[in-house]
Every structure is written in structure tokens, then in C-alpha cells.
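Taken together, the values in this text are just the output of simple stated rules run on the coordinates, not laboratory data. Remember, predicted model here, so these are calculated numbers, not experimental data. A quick note on method: Cβ atoms are made from the backbone with ideal geometry, for glycine too, and the neighbour counts reach across all protein chains shown.
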Amino acid sequence: MRFFVAALLVCLTFSVPTSSRTGGTGGTEILGLRVTPDGLEIRVPSGGCTSKEHFRLHASKNGGTAKIDIDRLQPDRCKGFFPDGKAFNYTWDELGVPPGAPLDILTPVNPLAAP
């Protein structure tokens, strides 16, 4: 019995997603993104309770390219059906990136992740 409990704890420890940054839920799903004249629009899965405050976009510069990492801080546990997800806009000022700068999006985009 002790072996079973120990094995279960090991499995649970390695199956919980973690984030590279404090406070994130890890495994952030992005359905799509679009560069606009005003900034960046991201589309994320939503059950109806997702807000912009549930995400943190981290921008860092590497040479002339801005690297953008998107982290979901709070999961959406609502059960609504929104197959297109929800879109949020981030201005260039919010990102700390000059307009027209080359972008490298570090978070994988999976358009099939919607419910």
C-alpha cells in the first residue's frame, strides 16, 4: 500500500503543469494572434469567465527582435461554449515594444485548442 501511495504522489508531482514565471498556470493555450497598427491581439480559449487581467505578456528584446511570452495567471473554470474563444488587445505601450518591431512569439499557437 505504501508503494502505491508513493507512486501516486510521484505521478501527480510530474503531471501538474508549471509556469516559467511565478503566478502562472503554465500550459497557456493561444488560439491565434494578430498584429494590428495599435499592438497585438491574442485569442484564447474561454468558458465565459476569461478577462484580460488573467494574462501577463512578457516582452524582452534580443537585438532588434522583441520576444513575447504569454502566461495565463488564472484558469477559466466556467462551462460556457465559446468555440472562437475571446480576444484581447495589448498596445505597443503595454508591451513595451516599438510599433513595427519584429516579434518572436514564444508561446505556441494552437488554433485547434478551442472546446
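Observations on the structure shown:
- Checked against (1) in contact with a Leu (Cβ under 8 Å, 6 or more places away or on another chain); (2) farther than 15 Å from LEU33 by Cα, CYS49 passes all but condition (1).
- Of the residues ILE42, ILE105, the single one that is in contact (Cβ under 8 Å) with a residue 60 or more places away in the chain and β-branched (Val, Ile, Thr) is ILE105.
- Residue that is surrounded by the fewest Cβ atoms within 10 Å (Cβ to Cβ) [pool: residues in the stretch 67-115 that are under 17 Å from the mean Cα position of the chain (by Cα) and more than 28 Å from CYS49 (Cβ to Cβ)]: ASP104
- A Cβ distance below 9 Å, combined with a sequence gap of six or more or placement on separate chains, defines the contacts here; from the stretch 50-74, residues that are in a loop (DSSP other than H, G, I, E, B) reach residues that are β-branched (Val, Ile, Thr) and surrounded by 18 or more Cβ atoms within 10 Å (Cβ to Cβ) in the pairs THR50/VAL44; GLN74/THR50.
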